[in-house]
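Engineer: Attaching a single structure in structure tokens format; questions to follow.
Only the coordinates and a few stated rules stand behind these numbers; no lab work does. Because the structure is a prediction, the values reported are computed rather than measured. Cβ sites come from the backbone with ideal geometry, for glycine too, and all protein chains shown count toward neighbours.
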Amino acid sequence: MSIASALGLTESRKVRYAVVGLGDIAQASMMPGIAHTGNSELVALVTGDPEKAEKVGKQYGIADTYSYERFGEMLASGKVDAIYLATPNWRHAEFAVPALEAGIHVLCEKPLEISVEKSEAIAAAAKKSGAKLMVAYRLHFEPATLDAITRIRDGELGELIAFTSCFGQMVDPANHRARNGIEAGPLFDMGPYPINATRYLFGAEPEGVVSAVATRQPDSGLDVDDTFAVTLRFPGNRLAQFTISYFVNNVNSLIIAGAKGSIHMSPAYGFGDPLEQNRTVGDKKTHESFKATDQFGGEMKYFSDCILHDREVEPDGEEGIADLRVIEGIVEALKTGKAVTLPAFTRSRRIDPEGQVQTLSYKRPPRNEVNASSPTR
């Protein structure tokens, strides 16, 4: 019997979620989108802040609120089918592993954890219990991204050669991202976006880190390296370069280029505004602006659908491990100042552009977070 059947989940029922961690991404982005899914409902909150528990609970009509110390009690309550995990990166395994062991499905914010070892522990717990684990790579469901993947797979750009990207935001020095070391800094927070993009656009895994450099601007006010520049080597003499930063004006763009053409996406990683493509194939230039979608509601809708119909998810734990493998290689390159060969890795499953596209309409929610705010200045 599947876990969905054991929990009594059917097509007429909604998957019951607890949100664990009530920071900005949960309050401002995911929680407003739950009502859009049609197959998911918010039933519980877990937070270390009693004021958040009370006030956010009132906003959503949620009476079941738990402290982090009472997380096990929530798992055993029988009131929750799945959790959306949005704690700081280094606390993901702490909550994901016991949830999965209890048969509770986990939608975990990226990165899956702060190391391959901890990510593998999470994936192992999912495999042993049969509960589903998905990493919240929202762009795996976004129409402009999936369109680019389809064009590449159809050969429109020819043999791929190069990827380049710049992704940055001006982070507030008071935000926790600026005060908790490299694991909270841009490499772990923003790095997964271009790293993941290189992998899904090339459709391959990087062989090594050619170079990695980190700098700290003297007037940034941040207690972490604020800007990273990385070059990755892929099979077939393909190169990917990206820069991520906590001290530049908002930018998120990428270019994927091949022998026949290229796609320039700007914005490439954001949400709330339409993602756009400028395409050049031969001498022909085209532009397309894609409808802004509720990326957070869309990914939860997909995950809940997989739970209700007992389908395998993508992106799964293996996808999260794949990116942490690259991040660990970048950290080693930063420490040694030398190129790093990455351990061999084969991804068993790739994105299905037709099966994963989500087109829920996006409506910008009011910003009424409790003891949480945007990380930007």
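Engineer: With each pseudo-label sitting 7 Å past Cα toward Cβ, what's the Asn278-Arg349 distance in nm, one decimal?
Structural biologist: Those two pseudo-labels are separated by 3.7 nm.
Engineer: The chain: Rg/Rh from Cα coordinates, Kirkwood Rh? Before the final figure, lay out the partial values.
Structural biologist: Details: Rg = 20.1 Å, Rh = 21.1 Å.
Rg/Rh for the chain comes to 0.95.
Engineer: In bins 5 Å wide, starting from 0, what share of all Cα pairs of the stretch 266-306 does each bin hold, as a percent?
Structural biologist: 6, 20, 19, 17, 14, 11, 7, 4, 1
Engineer: Sorted by average packing, counted as other Cβ atoms within 10 angstrom per residue and highest first, what order do 87-94, 47-54 take?
Structural biologist: Per-residue Cβ counts within 10 Å, averaged per peptide and sorted highest first, yield 87-94, 47-54.
Engineer: Which whole-Hz couplings ³J(HN,Hα) result when phi for each residue of the stretch 271-284 is put into the Karplus expression 6.51 cos²θ - 1.76 cosθ + 1.60, θ = phi - 60°, listed in order with x for Gly and Pro?
Structural biologist: 9, x, 10, x, 7, 10, 10, 10, 10, 10, 10, x, 9, 8
Engineer: I've got another one for you. Spin-label point model (7 Å from Cα, Cβ direction): what's the Val210 to Arg13 distance in nm?
Structural biologist: It works out to 5.2 nm between the two label points.
Engineer: Looking at this model, which pairs from Lys14/Lys58; Lys55/Lys118; Lys14/Lys118; Lys127/Lys363; Lys79/Lys127 are more than 25 angstrom apart at the alpha-carbon?
Structural biologist: Cα-Cα > 25 Å for Lys55/Lys118; Lys14/Lys118; Lys127/Lys363; rest within.
Engineer: Counting only DSSP beta bridges with both residues in the chain, what percent are antiparallel, rounded to the nearest 5?
Structural biologist: 60 percent
Engineer: Now for a different question. Would you pull out the residues with amide H under 5 Å of Tyr66's amide H, same chain only if 5 or more places away, H placed 1.01 Å from N?
Structural biologist: Amide H neighbours of Tyr66: Leu45, Val46, Thr47.
Engineer: Enumerate the calculated ³J(HN,Hα) couplings along the stretch 342-353 in order (Karplus 6.51 cos²θ - 1.76 cosθ + 1.60, θ = phi - 60°), each rounded to whole Hz, writing x wherever the residue is Gly or Pro.
Structural biologist: Couplings: 7, x, 4, 8, 10, 7, 7, 9, 10, 4, 9, x Hz.
Engineer: Name the residue from Thr293, Asn196, Ser211 whose Cα lies farthest towards the positive end of the charge dipole of the chain, charges +1 on Cβ of Lys and Arg and -1 on Cβ of Asp and Glu.
Structural biologist: Thr293
Engineer: What is the list of residues in the stretch 256-293 whose amide nitrogen lies under 18 Å from a point 7 angstrom out from the Cα of Arg367, following Cα to Cβ?
Structural biologist: 270-274
Engineer: Hey, another quick one. R0 = 35 Å: FRET efficiency of Glu312 with Asp219, Cβ-based, nearest 0.05? All intermediate terms of the calculation are to be shown ahead of the outcome.
Structural biologist: Working: r = 48 Å, r/R0 = 1.38.
So, using R0 = 35 Å, E works out to roughly 0.15.
Engineer: Shifting gears a bit: Picking from His309, Ile244, Asn278, whose Cα lies most toward the positive end of the charge dipole for the stretch 223-325 (charges on Cβ: Lys, Arg +1; Asp, Glu -1)?
Structural biologist: Looking along the dipole axis, the top candidate is Asn278.
Engineer: Turning to a different aspect of this structure: With the crude spin-label approximation of a point 7 Å out along Cα→Cβ, what separation in nm comes out for Thr359 versus Glu69?
Structural biologist: Taking the two extended label points, one gets 5.0 nm.
Engineer: Give the whole-number value, in cubic angstrom per residue, of the convex hull volume spanned by the C-alpha atoms of the stretch 206-328.
Structural biologist: Dividing the Cα hull volume of the stretch 206-328 by its residues yields 181 Å³.
Engineer: Here's another thing I want to ask about it. Between Ala229 and Thr341, what length comes free when the chain is fully extended (0.36 nm per residue of separation minus the Cα-Cα distance, one decimal in nm)?
Structural biologist: Here the segment from Ala229 to Thr341 would lengthen by 38.6 nm.
Engineer: Dipole of the stretch 3-136 (Lys/Arg Cβ +1, Asp/Glu Cβ -1, origin at the Cα centre): which of Ala99, Ala35, Asn89 lies farthest to the positive side?
Structural biologist: It is Ala35, whose Cα lies furthest towards the positive end.
Engineer: Could you give the size of the charge dipole of the stretch 3-136 about its Cα centre, using +1 on the Cβ of each K and R and -1 on the Cβ of each D and E, expressed in debye and rounded to the nearest 20? Please list the in-between numbers first.
Structural biologist: Values: 14 positive and 16 negative charges, 64 e Å.
Rounded to the nearest 20 debye, it is 300 debye.
Engineer: I would also like to ask the following. What does the highest-first list of 64-73, 192-201, 267-276 look like by mean Cβ count within 10 Å? List each step's numbers first, then the result.
Structural biologist: Details: 64-73: 14.5, 192-201: 24.1, 267-276: 18.9.
Highest-to-lowest ranking by the protection proxy: 192-201, 267-276, 64-73.
Engineer: Given 0.36 nm per residue, what is the gain on full extension from Ser289 to Lys58 after removing their alpha carbon distance, in nm? Don't skip to the end; give the middle numbers.
Structural biologist: Numbers: separation 231, 0.36 × 231 = 83.16 nm, distance 3.79 nm.
So the extension gain works out to 79.4 nm.
Engineer: Per Stokes-Einstein, at 4 °C and 1.567 mPa s, what whole-number D in µm² s⁻¹ belongs to the stretch 3-136, with the Kirkwood radius over Cα pairs as the hydrodynamic radius?
Structural biologist: 88 µm²/s
Engineer: Scan around Leu275 for amide H atoms under 5 Å from its own, H built in the peptide plane at 1.01 Å from N, and keep only partners 5 or more places away or cross-chain.
Structural biologist: Under 5 Å from the amide H of Leu275: Phe290.
Engineer: Now a separate question. Rounded to whole Å, give me the distance from the Cα center of the stretch 108-179 to that of the stretch 243-270.
Structural biologist: Computed from Cα coordinates, the inter-centre distance equals 15 Å.
Engineer: Only Lys, Arg, Asp and Glu count, each charged at its Cβ (+1, +1, -1, -1), so figure out the dipole size of the stretch 123-237 about its Cα centre, rounded to 20 debye.
Structural biologist: Values: 11 positive and 14 negative charges, 110 e Å.
Result for the stretch 123-237 is approximately 520 debye, rounded to the nearest 20.
Engineer: For Ser115, Ser40, Ser374, what's the fewest-to-most ordering of other Cβ within 10 Å of each Cβ?
Structural biologist: Details: Ser115 20, Ser40 26, Ser374 14.
By the 10 Å Cβ count, ascending, the order reads Ser374, Ser115, Ser40.
Engineer: Per residue of the stretch 106-113, in order, report the coupling 6.51 cos²θ - 1.76 cosθ + 1.60 (Karplus, θ = phi - 60°) as ³J(HN,Hα) in whole Hz, putting x for Gly and Pro.
Structural biologist: After applying 6.51 cos²θ - 1.76 cosθ + 1.60, I find 10, 9, 10, 4, 7, x, 4, 7 Hz.
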